[in-house]
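Following: one structure in structure tokens, then a few remarks.
Laboratory data are not the source of any read-out in this text; all were calculated from the coordinates shown. Because the structure is a prediction, the values reported are computed rather than measured. Here the Cβ positions follow ideal geometry from the backbone for every residue, glycine too, while neighbour counts run over all protein chains shown.
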Amino acid sequence: MLPSDRDVAAFVVAFSLPCVVIFAFMPRYLSMLRSMGRVATDVHKPDQTKVPTPAGPLLIAAIVAGEIGIYLLHESTIPVVAIEVSVVAGAVGLYDDLRGLGGIVKPALVALAAAPLIIEEQVHHSLYTGALAFPIFGETGTHFIIFAVLIVVAMPVSANAFNMLDAFNGEISGFTGIVSVALVVGMLLEGLASSTFDWLRLAAAMPLMATAFCFHYYNKFPAKAFDGDTGSLAFGALYAALAIMGNVEMAALVALIPAVINSYYILYSARGLVEHKQMKLRPTYLGADGKLHATEDAKAPTTLVRLILLGAPADERQIVQVILTLTLFACALSILTSALTWIP
């Protein structure tokens, strides 16, 4: 089923409005953060540059603008839920940025972002299918309680996977933008194969993609802005919510393989959820040559970056390039998963 003219208009509005918000307001917003002393040290630079943070509140505002644009055109609950999920997860991240939260408390609070999805489904019964679609094998049976539990688990898992992959200039913005493309392509394939697909689900994914790519202009090396936990948690929770509403959960999970591997190694080596500020040993260190080196102490946490650096030291741009290349491969597999799921 092809999208209608109104659907196409929703795509354009949903992508355009976040771009306008970010490029129109980001310079002033960053100046305000700097004047307030809201800066973080870029520890991977020899000169320890001070970078304004968190840019997350403006990123959420950009996402909200895009979702409101969709709502004004169609008055659907889908963009409303996307807004609610972003705001709830972003609020947890903002509190963490300003006051600090423990390694266990933060994901527990992010799980609250599942509430809008579950409540709206109970009210309207059309937000998501309550089943998982697997390639080749088709969909599972529907079960509200089991699927609701999976949603509650998916929110903090996805949000923290994004959060843990937010360490270098351009990493989180590039990663989010790339996986959002895989998400959109998955929904596109589903929409073309299904006569009942609601194209507003795809439109609702546009603000996340647009916001990530526009923010990359300010976040890429050398970074002019950091998103903070406000941005990364909102990105991750919204990504999970969009995958659930779009019925592309399995393909979305495949796209997150680099983040999942990174999270697994951190959790395993750190023996649980530990804030990076509480880690006694750092997984990497900045050498006198200006390059990042893997910490040789076996007790240091294992991360995807540390694994990359075991081969040889590298500068920040090279590391991010490797991670984004891995993400591109994962997204290619994600698109293949979507094709095997939806193309007859």
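Quick notes
- Relative contact order [Cα under 8 Å, 6+ residues apart], the range 1-151, whole percent: 17 percent
- At R0 = 22 Å, FRET efficiency that the Cβ-Cβ distance of His125 and Ala193 yields, to 0.05: 0.45
- 5 angstrom amide H check on Val39, placed H, neighbours 5+ away: Thr53
- Working note: Karplus 6.51/-1.76/1.60 with θ = phi - 60° gives the range 142-147 the couplings 8, 8, 4, 5, 4, 5 Hz, where Gly and Pro are set to x.
- For the range 165-243, a Kirkwood radius taken over Cα pairs fed into Stokes-Einstein (37 °C, viscosity 0.692 mPa s) yields D = 251 µm²/s.
- In the elastic network of the chain, a GNM with C-alpha springs shorter than 10 Å, the most mobile of Ile118, Ile136, Ile266 is Ile136.
- Expressed as a fraction of 2.2 N^0.38 Å, the value expected for a compact globular protein of N residues, the C-alpha radius of gyration of the range 1-137 is 1.31.
- The distance linking the range 202-232 with the range 34-53 is 18 Å (Cα centroid to Cα centroid, whole angstrom).
- Projected area, mean over directions - the range 157-207, Cα convex hull, nm²: 4.0 nm²
- Within the chain, helix-based [θ] at 222 nm, where runs of 4 or more DSSP H residues each add -39,500 (n - 2.57), nearest 500: -22000 deg cm²/dmol
- Diffusion coefficient of the range 187-344 by Stokes-Einstein, Kirkwood radius over Cα pairs, 20 °C, 1.002 mPa s: 120 µm²/s.
- Most mobile listed residue (Ala312, Ala225, Ala61) in the chain, GNM with C-alpha springs under 10 Å: Ala312
- The share of C-alpha pairs in the range 30-71 whose separation exceeds 14 Å stands at 59 percent.
- Here the alpha carbons of the chain define both size measures, Rg and Dmax, at 19.5, 60 Å.
- For the cross-link pairs Lys45/Lys299; Lys224/Lys291; Lys45/Lys291, the ones whose C-alpha atoms lie over 18 Å apart are Lys45/Lys299; Lys224/Lys291.
- log₁₀ of I(q)/I(0) at q = 0.09, 0.17, 0.20 Å⁻¹ - the range 104-259, Debye sum with one point per alpha carbon: -0.28, -0.99, -1.30
- Taking packing as the residue-averaged number of other Cβ atoms within 10 angstrom, the listed peptides 122-134, 18-30, 250-262 run from highest to lowest as 250-262, 18-30, 122-134.
- Other residues lying with their Cβ under 12 Å from the Cβ of Asp42 contribute a combined charge of +1, Lys and Arg counting +1, Asp and Glu -1.
- Alpha carbon convex hull of the range 279-344, volume per residue in cubic angstrom: 105 Å³
- For Glu139, the amide hydrogen comes within under 5 Å of the amide hydrogens of Phe134, counting only partners 5 or more places away or on other chains and with H modelled in the peptide plane.
- Computed lengthening from Val8 to Ala312, 0.36 nm per intervening residue step minus Cα-Cα distance: 104.7 nm
- Residue-wise HN-Hα couplings along the range 105-114, as the Karplus relation 6.51 cos²θ - 1.76 cosθ + 1.60 with θ = phi - 60° gives them from phi, are 5, 4, x, 5, 6, 4, 4, 5, 5, 6 Hz; Gly and Pro carry x.
- The fraction of Cα-Cα pairs per 10 angstrom bin, counted from 0 for the range 92-188, comes to 13, 34, 37, 15, 1 percent, rounded to whole percents.
- Basic side chains Lys and Arg get +1 at the Cβ, acidic Asp and Glu get -1 at the Cβ, and with that the dipole of the range 138-273 about its Cα centre reaches some 240 debye.
- With Cα atoms, 0 to 90° folded angle of helix 316-342 axis to the chain main axis: 20 degrees
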